[in-house]
Amino acid sequence: MKVLVCGGAGYVGSHTARELSDRGREVAVFDNLEKGHMSAVPKGAEFYRGDLRDYAAIDRAIAAARPDAVIDFAAYSLVGESVGEPIKYFENNIGGTLNLLKAMISRGVGHIVFSSTAAAYGEPESVPITEDARTLPTNPYGESKLCVEKMLKWIDRAHGLRYSVLRYFNVAGAHVSGEIGEDHEPETHLIPIVLRAALNRAESVTVYGGDYDTPDGTCVRDYIHVTDLADAHILALEDIRKRGVSTTYNLGNGKGFSVLEILGAARKVTGVDIKAVTGPRRAGDPSSLVASSDRIIRELGWQPKLFSLEKIIETAWNWHKNNPDGFKD
Ligand code: UFG
């Protein structure tokens, strides 16, 4: 099976491309390298530089690569930025994906795994969150992903394009080899920010809000290791190819950790007394997001291997310690 990975030079995309390639699948990567890194692309993968907003570029790549299926990660993903620049998000995340779907249909590629998000739910009515929970995004990023989910449903009905939508919770960690990891500019995610502080790249970490209705007053999130997530993409792809049924799955570990618990675990793993100061809440942050991933465990037998918080932080620490400036390119 040959898979075209759109956004395969980015964080989750490169870990998934690596996993596919380690398991002997043929991999082609399509990426504009705006956020991604060429050195994150697995050796031996075909590479097409292009932008999904350019229909001709993605159509040419599909024609040349002739993939059996597509996994799509190419999107902007900063919640805060999306609030200020919704058009940028809708143009890229919806418009770009629409180009991809059109090109897939015209070239006869019938299977896609689509990267969605817990942000599709918005403020949850109850936790853990199941796939049937209300979807009411509180920011344009979540809305853009939910909109593609809805487009997929109708495009499947009309054109038989089978999909698996994966709604991720908080992705963290790095490949166990230490060869690839998370490198965002700007970095907004908690675990890399905490580890950068451990490397003295910042004086302290600001905890966004200490007055939430949670056990210690700080926000609770469900952290999933990027390689366990990559594994879920492969399982989902194999399943839609085998059963021909479109699906939607949550992906998290089903256990919530507060910001203070993350800081505590990071101090333990790094041995550094990382300083933290409590600041105001960050706009748009729900107090608690914890996934029920029962559906993918039950239906596809997904089994996370790197589920312990220490292991997640340990692999991330290994990457950041050895690559304090991220990828070389
Ligand atoms: N946080 C801090 N200080 C920081 C950075 C983060 O206290 O310097 C807190 C945030 O307020 C939040 C938690 O740490 O409570 C996790 O924040 P992240 O930015 O790491 O992740 P988010 O939960 O905001 O976002 C993640 C994904 C998004 C996705 C969202 C779904 O990164 O892409 O989950 O809600 F949309």
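The values are calculated or read from the model by the stated rules, or taken from the named source; none is laboratory data. Nothing here was measured: the structure is a model prediction, and the numbers come from that model. Every residue, glycine among them, receives a Cβ derived from its backbone with ideal geometry; neighbour counts consider all protein chains shown.
Here are some notes:
Here is a yes/no grid of residues against (1) in contact (Cβ under 8 Å) with a residue 12 or more places away in the chain; (2) outside any helix (DSSP H, G or I); (3) surrounded by 20 or more Cβ atoms within 10 Å (Cβ to Cβ):
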{"site": "Asn250", "(1), (2), (3)": "yes, yes, yes"}
{"site": "Ala265", "(1), (2), (3)": "yes, no, yes"}
{"site": "Ala283", "(1), (2), (3)": "yes, yes, no"}
{"site": "Pro286", "(1), (2), (3)": "yes, yes, no"}
{"site": "Gln303", "(1), (2), (3)": "no, yes, no"}
{"site": "Phe307", "(1), (2), (3)": "yes, yes, no"}
{"site": "His320", "(1), (2), (3)": "yes, no, yes"}
{"site": "Lys328", "(1), (2), (3)": "yes, yes, no"}
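- Within the range 1-37, considering residues that are β-branched (Val, Ile, Thr) and in contact with a Phe, Trp or Tyr (Cβ under 6 Å, 6 or more places away or on another chain), the one surrounded by the most Cβ atoms within 10 Å (Cβ to Cβ): Val29
- Checked against the criterion of being within 22 Å of Glu179 (Cβ to Cβ), in contact with a strand residue (DSSP E or B) (Cβ under 9 Å, 6 or more places away or on another chain) and at pLDDT 95 or above, the candidates Val41, Val70 yield just one match: Val41.
- Residue among Phe327, Phe257 that alone is over 30 Å from Met38 (Cα atoms), at pLDDT 95 or above and of a type in the set (Phe, Trp, Tyr): Phe257
- Test for Gly254: is it within 18 Å of Ile312 (Cα to Cα), away from the ligand (no atom under 15 Å from the Cβ) and more than 15 Å from the chain's Cα centre (by Cα): yes
- Here Asp285 fulfils each of the conditions (1) modelled with pLDDT of 95 or more; (2) under 18 Å from the mean Cα position of the chain (by Cα) apart from (1).
- The range 106-141 - residue that is of a type in the set (A, V, I, L, M) and near the ligand (Cβ under 9 Å from one of its atoms) and, of those, surrounded by the fewest Cβ atoms within 10 Å (Cβ to Cβ): Ala118
- Taken over the range 291-301, the criterion of being surrounded by fewer than 20 Cβ atoms within 10 Å (Cβ to Cβ) and not charged (D, E, K, R) is satisfied by Ser292, Ile297, Leu300, Gly301.
- When the range 170-185 is limited to residues that are of a type in the set (Val, Ile, Thr) and in a loop (DSSP other than H, G, I, E, B), the one that is farthest from the ligand (Cβ to nearest atom) turns out to be Val176.
- Subset of the range 186-230 that is in a loop (DSSP other than H, G, I, E, B) and either buried (at least 21 other Cβ atoms within 10 Å of the Cβ) or among the basic types (Lys, Arg) (or both) - its residue that is nearest to the ligand (Cβ to nearest atom): Cys219
- Tyr163 being within 15 Å of the ligand (Cβ to nearest atom), under 19 Å from the mean Cα position of the chain (by Cα) and crowded, with 16+ Cβ neighbours inside 10 Å: no
- Candidates Val70, Val83: the one that is within 16 Å of the ligand (Cβ to nearest atom) and under 22 Å from the mean Cα position of the chain (by Cα) is Val83.
- Only one of the numbered conditions (1) within 15 Å of the ligand (Cβ to nearest atom); (2) touching a Phe, Trp or Tyr at 6+ places or on another chain (Cβ under 6 Å); (3) at pLDDT 95 or above is violated by Arg295, and that is (1).
- Residue within the range 232-245 that is outside any helix (DSSP H, G or I), under 27 Å from Lys328 (Cα atoms) and not aliphatic (A, V, I, L, M) present: no
- Leu101 passes every criterion in (1) under 21 Å from Val41 (Cβ atoms); (2) more than 16 Å from the ligand (Cβ to nearest atom); (3) surrounded by 20 or more Cβ atoms within 10 Å (Cβ to Cβ) apart from (1).
- On inspection, Ile129 passes the criterion of being touching a helix residue (DSSP H, G or I) at 6+ places or on another chain (Cβ under 9 Å), more than 17 Å from Cys6 (Cα to Cα) and of a type in the set (A, V, I, L, M).
- Options Val83, Val27, Val109, Val79: the member that is over 24 Å from Ser144 (Cα atoms) and of a type in the set (A, V, I, L, M): Val27
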